[in-house]
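Working notes for the structure below.
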Amino acid sequence: GSSLKDFPVMVNVKDLDLRSASHGGKVVSEKGADIRFTKADGVSLLDYEIESYNPETGELLAWVKMDELIAGKSAPVFMYFSNKFAADESSQNAWNKTYKGVWHLKGALNSKIPHSNQYSQQVNPDGSKEVYVASEKNSSQFPCLNTPEDVDITGDITLSAWVYISDKKEQTIISNQNGFNGGYRLGINKDHRVEFIVRNQNAEPASIAGEEGTELLKEQWYHVAAVYSDEGDSMATYINGKLDRSLKTEISMAGSTEPLQIGREPSRKIFYFGGKLDEVHVSNIVRSSAWINTEFASQAKPQEFVKAGPTEAIVQQISMSLLTFEGEAQGSTVELKWLTASEVDNELFTIERSSDGISFASIGTKPGAGNSNEVLSYTYRDSKPLIGTNYYRVKLTGAAGEEFSM
(Lines give C-alpha, C1' and ligand atoms only; values in the text may rest on other atoms or scores of the structure.)
Protein backbone atom coordinates (compact mmCIF):
# COMPACT_ATOMS: atom_id res chain seq x y z
CA GLY A 1 0.00 0.00 0.00
CA SER A 2 3.00 2.34 -0.27
CA SER A 3 4.49 4.55 -2.95
CA LEU A 4 8.30 4.58 -3.23
CA LYS A 5 10.06 7.60 -4.74
CA ASP A 6 13.44 7.49 -6.56
CA PHE A 7 13.77 3.76 -6.03
CA PRO A 8 16.90 2.15 -7.61
CA VAL A 9 15.69 -1.05 -9.30
CA MET A 10 18.20 -3.78 -10.11
CA VAL A 11 17.90 -4.78 -13.78
CA ASN A 12 19.64 -8.11 -14.36
CA VAL A 13 18.90 -9.47 -17.85
CA LYS A 14 20.66 -11.77 -20.27
CA ASP A 15 19.70 -11.81 -23.94
CA LEU A 16 21.43 -12.68 -27.21
CA ASP A 17 20.39 -9.31 -28.66
CA LEU A 18 22.27 -7.60 -25.82
CA ARG A 19 25.55 -9.04 -27.00
CA SER A 20 27.83 -6.54 -28.70
CA ALA A 21 27.75 -6.36 -32.50
CA SER A 22 31.18 -7.98 -32.66
CA HIS A 23 29.71 -11.03 -30.89
CA GLY A 24 26.56 -11.26 -33.04
CA GLY A 25 24.31 -8.98 -30.98
CA LYS A 26 22.84 -5.50 -31.43
CA VAL A 27 24.68 -3.42 -28.83
CA VAL A 28 27.21 -1.18 -30.54
CA SER A 29 29.54 -0.47 -27.64
CA GLU A 30 31.71 -3.19 -26.10
CA LYS A 31 30.99 -1.48 -22.76
CA GLY A 32 27.25 -1.09 -23.32
CA ALA A 33 27.54 2.69 -23.65
CA ASP A 34 24.64 2.86 -26.13
CA ILE A 35 22.18 1.32 -23.64
CA ARG A 36 19.50 3.74 -22.40
CA PHE A 37 16.44 3.51 -20.15
CA THR A 38 13.32 5.64 -20.54
CA LYS A 39 9.87 5.99 -19.03
CA ALA A 40 6.82 4.49 -20.73
CA ASP A 41 6.68 7.43 -23.18
CA GLY A 42 9.93 6.21 -24.75
CA VAL A 43 11.41 9.72 -24.52
CA SER A 44 11.97 10.74 -20.89
CA LEU A 45 15.36 9.37 -19.84
CA LEU A 46 15.80 7.61 -16.51
CA ASP A 47 19.02 7.88 -14.51
CA TYR A 48 20.89 4.59 -14.45
CA GLU A 49 24.21 3.00 -13.53
CA ILE A 50 25.65 0.02 -15.40
CA GLU A 51 27.43 -2.10 -12.81
CA SER A 52 28.53 -4.78 -15.25
CA TYR A 53 28.04 -5.69 -18.90
CA ASN A 54 29.29 -8.79 -20.72
CA PRO A 55 29.50 -8.17 -24.50
CA GLU A 56 30.05 -11.88 -25.21
CA THR A 57 26.99 -13.24 -23.37
CA GLY A 58 24.67 -10.22 -23.41
CA GLU A 59 24.29 -10.16 -19.62
CA LEU A 60 23.58 -6.75 -18.13
CA LEU A 61 23.46 -5.69 -14.49
CA ALA A 62 22.22 -2.12 -14.12
CA TRP A 63 20.51 0.06 -11.52
CA VAL A 64 17.65 2.23 -12.81
CA LYS A 65 16.18 4.99 -10.67
CA MET A 66 12.40 4.84 -10.93
CA ASP A 67 10.57 8.09 -10.21
CA GLU A 68 7.87 6.16 -8.40
CA LEU A 69 6.87 2.59 -7.65
CA ILE A 70 3.25 2.02 -6.63
CA ALA A 71 2.18 -1.18 -4.90
CA GLY A 72 0.12 -3.44 -7.15
CA LYS A 73 0.88 -1.50 -10.35
CA SER A 74 3.42 -2.38 -13.02
CA ALA A 75 5.83 0.32 -14.13
CA PRO A 76 6.70 0.03 -17.84
CA VAL A 77 10.29 0.90 -18.79
CA PHE A 78 11.94 0.88 -22.21
CA MET A 79 15.56 -0.02 -22.83
CA TYR A 80 17.11 1.25 -26.07
CA PHE A 81 20.39 0.27 -27.73
CA SER A 82 22.18 0.17 -31.13
CA ASN A 83 22.74 3.92 -31.44
CA LYS A 84 26.36 4.25 -32.53
CA PHE A 85 26.42 7.96 -31.66
CA ALA A 86 25.30 7.47 -28.06
CA ALA A 87 27.68 8.58 -25.30
CA ASP A 88 28.06 6.74 -22.00
CA GLU A 89 25.54 8.18 -19.52
CA SER A 90 25.87 5.60 -16.75
CA SER A 91 26.34 7.57 -13.53
CA GLN A 92 25.93 7.71 -9.78
CA ASN A 93 22.72 9.72 -10.33
CA ALA A 94 20.88 6.39 -10.15
CA TRP A 95 21.29 6.83 -6.37
CA ASN A 96 19.61 9.89 -4.92
CA LYS A 97 21.27 12.17 -2.37
CA THR A 98 19.97 10.23 0.63
CA TYR A 99 22.45 7.46 -0.29
CA LYS A 100 25.77 8.33 1.37
CA GLY A 101 27.57 5.11 0.48
CA VAL A 102 26.90 2.42 -2.15
CA TRP A 103 29.35 -0.41 -2.67
CA HIS A 104 28.97 -3.11 -5.36
CA LEU A 105 31.47 -5.59 -4.01
CA LYS A 106 31.31 -8.67 -6.19
CA GLY A 107 28.85 -8.19 -9.04
CA ALA A 108 25.60 -10.12 -9.43
CA LEU A 109 24.37 -12.02 -6.40
CA ASN A 110 24.51 -15.35 -8.21
CA SER A 111 28.10 -14.77 -9.34
CA LYS A 112 30.46 -17.48 -8.11
CA ILE A 113 33.62 -15.58 -8.97
CA PRO A 114 34.11 -12.28 -7.08
CA HIS A 115 35.92 -9.53 -8.94
CA SER A 116 39.45 -9.71 -7.56
CA ASN A 117 39.88 -5.94 -7.60
CA GLN A 118 36.80 -5.41 -5.42
CA TYR A 119 37.69 -7.40 -2.33
CA SER A 120 40.63 -8.35 -0.16
CA GLN A 121 41.47 -11.42 1.87
CA GLN A 122 42.74 -11.41 5.42
CA VAL A 123 44.98 -14.45 6.02
CA ASN A 124 44.84 -15.68 9.62
CA PRO A 125 47.81 -17.30 11.41
CA ASP A 126 46.20 -20.71 10.92
CA GLY A 127 46.06 -20.15 7.17
CA SER A 128 42.29 -19.60 6.89
CA LYS A 129 41.06 -16.69 4.77
CA GLU A 130 38.36 -14.18 5.53
CA VAL A 131 36.93 -11.92 2.85
CA TYR A 132 36.46 -8.29 3.79
CA VAL A 133 36.66 -4.84 2.26
CA ALA A 134 38.33 -2.02 4.14
CA SER A 135 36.17 0.92 3.10
CA GLU A 136 38.43 3.91 3.16
CA LYS A 137 38.34 7.01 0.98
CA ASN A 138 37.80 6.22 -2.71
CA SER A 139 38.37 2.50 -2.14
CA SER A 140 35.29 1.15 -3.93
CA GLN A 141 34.42 1.04 -7.61
CA PHE A 142 31.13 2.92 -7.61
CA PRO A 143 30.86 4.78 -4.28
CA CYS A 144 28.55 7.68 -3.56
CA LEU A 145 31.00 8.24 -0.71
CA ASN A 146 33.44 11.09 -1.37
CA THR A 147 34.95 11.74 2.05
CA PRO A 148 34.69 9.95 5.41
CA GLU A 149 32.49 12.82 6.62
CA ASP A 150 29.74 11.73 4.22
CA VAL A 151 29.04 8.65 6.31
CA ASP A 152 29.64 10.19 9.74
CA ILE A 153 25.89 10.33 10.28
CA THR A 154 24.46 11.65 13.56
CA GLY A 155 20.73 11.33 13.00
CA ASP A 156 18.46 8.95 11.12
CA ILE A 157 20.25 6.14 9.33
CA THR A 158 19.56 2.99 7.30
CA LEU A 159 22.14 0.29 6.63
CA SER A 160 21.71 -2.72 4.36
CA ALA A 161 23.87 -5.46 2.86
CA TRP A 162 23.84 -8.97 1.47
CA VAL A 163 25.80 -11.40 3.64
CA TYR A 164 27.03 -14.97 3.19
CA ILE A 165 28.65 -16.33 6.35
CA SER A 166 31.12 -19.21 6.38
CA ASP A 167 31.88 -19.71 10.06
CA LYS A 168 30.35 -19.17 13.48
CA LYS A 169 31.91 -16.22 15.24
CA GLU A 170 31.34 -12.54 15.95
CA GLN A 171 31.93 -10.53 12.80
CA THR A 172 31.39 -7.01 11.49
CA ILE A 173 29.44 -6.07 8.39
CA ILE A 174 29.94 -2.30 8.58
CA SER A 175 31.10 0.00 11.37
CA ASN A 176 32.55 3.42 12.16
CA GLN A 177 32.69 3.03 15.95
CA ASN A 178 35.94 3.95 17.63
CA GLY A 179 35.36 1.94 20.80
CA PHE A 180 34.78 5.03 22.91
CA ASN A 181 31.97 7.28 21.73
CA GLY A 182 29.59 7.77 18.83
CA GLY A 183 29.09 5.88 15.60
CA TYR A 184 27.12 2.86 14.43
CA ARG A 185 27.81 -0.82 13.84
CA LEU A 186 25.96 -3.58 11.99
CA GLY A 187 27.30 -7.07 12.54
CA ILE A 188 26.61 -10.72 13.30
CA ASN A 189 27.20 -12.19 16.75
CA LYS A 190 28.58 -15.61 17.65
CA ASP A 191 25.03 -17.01 17.69
CA HIS A 192 24.54 -15.95 14.06
CA ARG A 193 22.02 -13.24 14.95
CA VAL A 194 22.13 -9.79 13.41
CA GLU A 195 23.15 -7.10 15.90
CA PHE A 196 22.91 -3.34 15.54
CA ILE A 197 24.52 -0.81 17.89
CA VAL A 198 24.58 2.99 18.03
CA ARG A 199 26.40 5.06 20.67
CA ASN A 200 26.04 8.57 22.04
CA GLN A 201 28.85 10.99 22.90
CA ASN A 202 29.35 9.32 26.28
CA ALA A 203 29.79 5.88 24.68
CA GLU A 204 26.40 4.76 26.02
CA PRO A 205 24.95 2.21 23.62
CA ALA A 206 21.52 1.35 22.30
CA SER A 207 21.69 -2.09 20.79
CA ILE A 208 19.74 -4.94 19.27
CA ALA A 209 21.81 -7.96 20.29
CA GLY A 210 21.68 -11.28 22.11
CA GLU A 211 20.33 -14.72 21.35
CA GLU A 212 16.88 -13.64 20.15
CA GLY A 213 15.99 -13.04 16.53
CA THR A 214 16.49 -15.07 13.38
CA GLU A 215 19.50 -17.34 13.16
CA LEU A 216 21.47 -16.98 9.93
CA LEU A 217 22.56 -20.26 8.43
CA LYS A 218 26.02 -20.79 7.03
CA GLU A 219 26.65 -20.72 3.28
CA GLN A 220 23.38 -19.01 2.41
CA TRP A 221 22.75 -15.46 1.18
CA TYR A 222 20.70 -13.10 3.37
CA HIS A 223 19.63 -9.51 2.93
CA VAL A 224 20.06 -7.71 6.27
CA ALA A 225 19.07 -4.14 7.11
CA ALA A 226 18.98 -1.89 10.14
CA VAL A 227 17.33 1.49 10.80
CA TYR A 228 17.75 4.03 13.58
CA SER A 229 15.40 6.99 14.11
CA ASP A 230 16.66 9.77 16.35
CA GLU A 231 13.35 11.61 16.32
CA GLY A 232 11.33 8.41 16.69
CA ASP A 233 13.58 7.05 19.47
CA SER A 234 13.60 3.63 17.86
CA MET A 235 15.76 1.13 16.03
CA ALA A 236 15.03 -2.09 14.15
CA THR A 237 16.64 -4.88 12.16
CA TYR A 238 15.31 -6.71 9.11
CA ILE A 239 16.20 -10.02 7.48
CA ASN A 240 15.11 -10.78 3.91
CA GLY A 241 12.74 -7.82 3.94
CA LYS A 242 10.90 -8.81 7.13
CA LEU A 243 11.13 -7.23 10.57
CA ASP A 244 13.56 -9.15 12.78
CA ARG A 245 13.65 -7.16 16.02
CA SER A 246 12.83 -3.64 17.20
CA LEU A 247 13.75 -1.51 20.21
CA LYS A 248 12.82 1.83 21.78
CA THR A 249 15.88 3.99 22.46
CA GLU A 250 16.67 6.86 24.80
CA ILE A 251 19.98 8.04 23.36
CA SER A 252 20.99 10.18 20.41
CA MET A 253 23.68 8.76 18.16
CA ALA A 254 26.81 10.93 18.09
CA GLY A 255 29.44 11.29 15.41
CA SER A 256 32.59 9.19 15.25
CA THR A 257 36.22 10.06 14.61
CA GLU A 258 36.88 6.75 12.85
CA PRO A 259 36.57 6.15 9.07
CA LEU A 260 33.87 3.74 8.01
CA GLN A 261 35.03 0.15 7.55
CA ILE A 262 33.35 -2.75 5.77
CA GLY A 263 34.08 -6.23 7.08
CA ARG A 264 36.04 -5.30 10.22
CA GLU A 265 36.13 -2.99 13.23
CA PRO A 266 37.86 0.30 12.40
CA SER A 267 39.45 0.93 15.79
CA ARG A 268 40.80 -2.47 16.86
CA LYS A 269 40.99 -4.23 13.48
CA ILE A 270 39.09 -7.24 14.80
CA PHE A 271 35.90 -9.14 14.03
CA TYR A 272 36.87 -9.66 10.40
CA PHE A 273 33.95 -10.86 8.33
CA GLY A 274 34.16 -14.55 7.52
CA GLY A 275 32.33 -15.05 4.25
CA LYS A 276 31.14 -12.75 1.47
CA LEU A 277 29.53 -9.32 1.33
CA ASP A 278 27.68 -7.55 -1.44
CA GLU A 279 25.64 -4.37 -2.03
CA VAL A 280 26.47 -2.46 1.14
CA HIS A 281 24.32 0.69 1.34
CA VAL A 282 24.32 3.59 3.82
CA SER A 283 21.53 6.20 3.84
CA ASN A 284 20.91 9.19 6.11
CA ILE A 285 17.15 8.64 6.37
CA VAL A 286 14.92 5.97 7.90
CA ARG A 287 13.77 3.68 5.10
CA SER A 288 10.24 2.35 5.45
CA SER A 289 9.52 -1.34 5.89
CA ALA A 290 7.97 -1.27 2.40
CA TRP A 291 11.21 0.13 0.98
CA ILE A 292 13.34 -2.53 2.68
CA ASN A 293 11.00 -5.33 1.62
CA THR A 294 11.01 -4.09 -1.98
CA GLU A 295 14.80 -3.76 -1.95
CA PHE A 296 15.05 -7.39 -0.91
CA ALA A 297 12.47 -8.60 -3.44
CA SER A 298 14.00 -6.70 -6.37
CA GLN A 299 17.53 -7.93 -5.65
CA ALA A 300 16.79 -11.50 -4.55
CA LYS A 301 15.01 -12.43 -7.78
CA PRO A 302 15.64 -9.61 -10.28
CA GLN A 303 14.47 -11.65 -13.28
CA GLU A 304 11.04 -11.98 -11.64
CA PHE A 305 10.86 -8.41 -10.37
CA VAL A 306 11.78 -6.96 -13.78
CA LYS A 307 10.16 -8.97 -16.57
CA ALA A 308 11.85 -8.27 -19.88
CA GLY A 309 9.96 -8.46 -23.16
CA PRO A 310 11.41 -9.23 -26.62
CA THR A 311 13.58 -6.88 -28.62
CA GLU A 312 11.57 -4.73 -31.05
CA ALA A 313 13.18 -3.13 -34.07
CA ILE A 314 12.46 0.60 -34.38
CA VAL A 315 10.79 1.17 -37.75
CA GLN A 316 12.18 4.68 -38.18
CA GLN A 317 15.86 3.87 -38.35
CA ILE A 318 16.82 7.27 -39.72
CA SER A 319 17.72 9.76 -37.01
CA MET A 320 19.20 13.18 -36.53
CA SER A 321 20.66 15.04 -33.59
CA LEU A 322 19.28 18.56 -34.07
CA LEU A 323 21.30 21.23 -32.25
CA THR A 324 19.27 24.30 -33.27
CA PHE A 325 16.31 25.16 -35.50
CA GLU A 326 15.61 28.89 -35.84
CA GLY A 327 13.58 31.20 -38.02
CA GLU A 328 14.11 34.93 -38.64
CA ALA A 329 11.84 37.35 -40.50
CA GLN A 330 13.79 39.29 -43.14
CA GLY A 331 11.54 41.79 -44.87
CA SER A 332 8.78 39.81 -46.58
CA THR A 333 10.64 36.50 -46.26
CA VAL A 334 11.63 34.09 -43.45
CA GLU A 335 15.08 32.55 -43.25
CA LEU A 336 15.26 29.13 -41.55
CA LYS A 337 18.54 27.84 -40.12
CA TRP A 338 19.35 24.56 -38.44
CA LEU A 339 22.43 22.71 -37.20
CA THR A 340 22.79 18.94 -36.91
CA ALA A 341 25.34 17.13 -34.73
CA SER A 342 24.79 13.77 -36.41
CA GLU A 343 22.76 12.18 -39.17
CA VAL A 344 22.08 8.51 -39.89
CA ASP A 345 20.77 7.41 -43.31
CA ASN A 346 19.28 10.87 -43.87
CA GLU A 347 18.81 11.47 -47.63
CA LEU A 348 16.49 14.48 -47.65
CA PHE A 349 15.11 17.33 -45.53
CA THR A 350 11.56 18.41 -46.35
CA ILE A 351 10.64 21.81 -44.92
CA GLU A 352 7.00 22.06 -43.85
CA ARG A 353 4.88 25.04 -42.80
CA SER A 354 1.63 25.47 -40.87
CA SER A 355 -0.65 28.28 -39.80
CA ASP A 356 -1.94 26.46 -36.68
CA GLY A 357 0.92 24.15 -35.66
CA ILE A 358 -1.22 21.10 -36.44
CA SER A 359 -1.69 20.74 -40.21
CA PHE A 360 1.59 21.06 -42.12
CA ALA A 361 2.31 21.28 -45.85
CA SER A 362 5.59 20.96 -47.74
CA ILE A 363 7.19 24.17 -49.01
CA GLY A 364 10.60 22.88 -50.17
CA THR A 365 13.46 20.41 -49.73
CA LYS A 366 17.19 20.30 -48.97
CA PRO A 367 19.51 17.31 -49.49
CA GLY A 368 20.64 15.54 -46.30
CA ALA A 369 24.18 14.40 -45.57
CA GLY A 370 23.34 10.70 -45.49
CA ASN A 371 25.61 9.70 -42.61
CA SER A 372 27.58 12.20 -40.58
CA ASN A 373 28.85 12.72 -37.04
CA GLU A 374 30.04 16.27 -37.65
CA VAL A 375 28.20 19.55 -36.99
CA LEU A 376 26.53 20.63 -40.27
CA SER A 377 24.71 23.88 -41.08
CA TYR A 378 21.60 24.22 -43.30
CA THR A 379 19.53 27.20 -44.46
CA TYR A 380 16.24 27.58 -46.32
CA ARG A 381 14.38 30.78 -47.27
CA ASP A 382 10.57 30.90 -47.29
CA SER A 383 9.94 33.53 -49.93
CA LYS A 384 6.15 33.61 -49.45
CA PRO A 385 5.29 33.13 -45.75
CA LEU A 386 1.69 33.15 -44.62
CA ILE A 387 0.09 36.25 -43.18
CA GLY A 388 0.21 36.05 -39.39
CA THR A 389 1.97 33.33 -37.38
CA ASN A 390 3.99 30.69 -39.24
CA TYR A 391 5.02 27.32 -37.76
CA TYR A 392 7.87 25.34 -39.33
CA ARG A 393 9.28 21.83 -39.01
CA VAL A 394 11.64 19.56 -40.95
CA LYS A 395 10.94 15.99 -42.09
CA LEU A 396 13.70 13.45 -42.70
CA THR A 397 13.54 10.93 -45.53
CA GLY A 398 15.80 7.87 -45.45
CA ALA A 399 17.42 5.91 -48.26
CA ALA A 400 14.59 3.37 -48.21
CA GLY A 401 11.91 6.07 -48.36
CA GLU A 402 11.01 6.02 -44.66
CA GLU A 403 10.03 9.36 -43.13
CA PHE A 404 10.48 10.96 -39.72
CA SER A 405 9.27 14.45 -38.67
CA MET A 406 11.20 16.58 -36.16
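Surface composition of region 230-377: carbon and sulfur atoms hold 48% of the protein heavy-atom accessible area at a 1.4 Å probe. Rolling a 1.4 angstrom probe over the protein heavy atoms with all chains in place gives region 283-401 an accessible area of 57 Å² per residue. With Cα atoms defining each centre, region 151-179 and region 310-374 are spaced 56 Å apart in the structure. According to the calculation over all Cα-Cα pairs in region 286-372, the P(r) per 5 Å bin from zero is 3, 9, 11, 14, 12, 8, 6, 6, 8, 9, 8, 4, 2, 0 %.
Averaging the Cα positions of each part gives two centres, and for region 3-54 and region 262-295 these lie 27 Å apart. Here, region 180-305 is characterised by an Rg to Rh ratio of 0.95, where Rg is the alpha-carbon radius of gyration and Rh the Kirkwood radius. Would you please classify the overall shape of region 150-211 from the alpha carbon gyration tensor, given that a ≥ b ≥ c denote the square roots of the eigenvalues, rounded means a/c under 1.5, and beyond that prolate means a/b larger than b/c while oblate covers the rest? Note, shape of region 150-211 comes out prolate. Each of ILE292, ILE270, LEU260 was scored by the projection of its Cα onto the charge dipole of region 254-311, and the greatest displacement toward the positive side belongs to ILE270; charges sit on the C-beta of Lys, Arg, Asp and Glu. For region 242-326, the Kirkwood estimate of the hydrodynamic radius, built from every pair of different alpha carbons, is 19.3 Å. Dipole check for region 1-70: with +1 at the C-beta of Lys and Arg, -1 at the C-beta of Asp and Glu, and the Cα centre as origin, the magnitude is about 80 Debye.
Taking the Cα centre of region 287-361 as reference, the dipole from Cβ charges on Lys and Arg (+1) and Asp and Glu (-1) amounts to some 520 debye. Surface composition of region 15-71: carbon and sulfur atoms hold 51% of the protein heavy-atom accessible area at a 1.4 Å probe. Think of each Lys and Arg Cβ as +1 and each Asp and Glu Cβ as -1; about the Cα centre, that makes the dipole of region 229-296 roughly 300 debye.
The values are calculated or read from the model by the stated rules, or taken from the named source; none is laboratory data. Treat the numbers as computed from the prediction; the structure is a model and nothing was measured. With ideal geometry, Cβ positions are generated from the backbone for all residues, glycine too; neighbour counts draw on all protein chains shown. Each accessible area value is taken on the protein alone, full model and side chains, heavy atoms only, with ligands, DNA and RNA left out. Shrake-Rupley method; radii C 1.70, N 1.55, O 1.52, S 1.80 Å.
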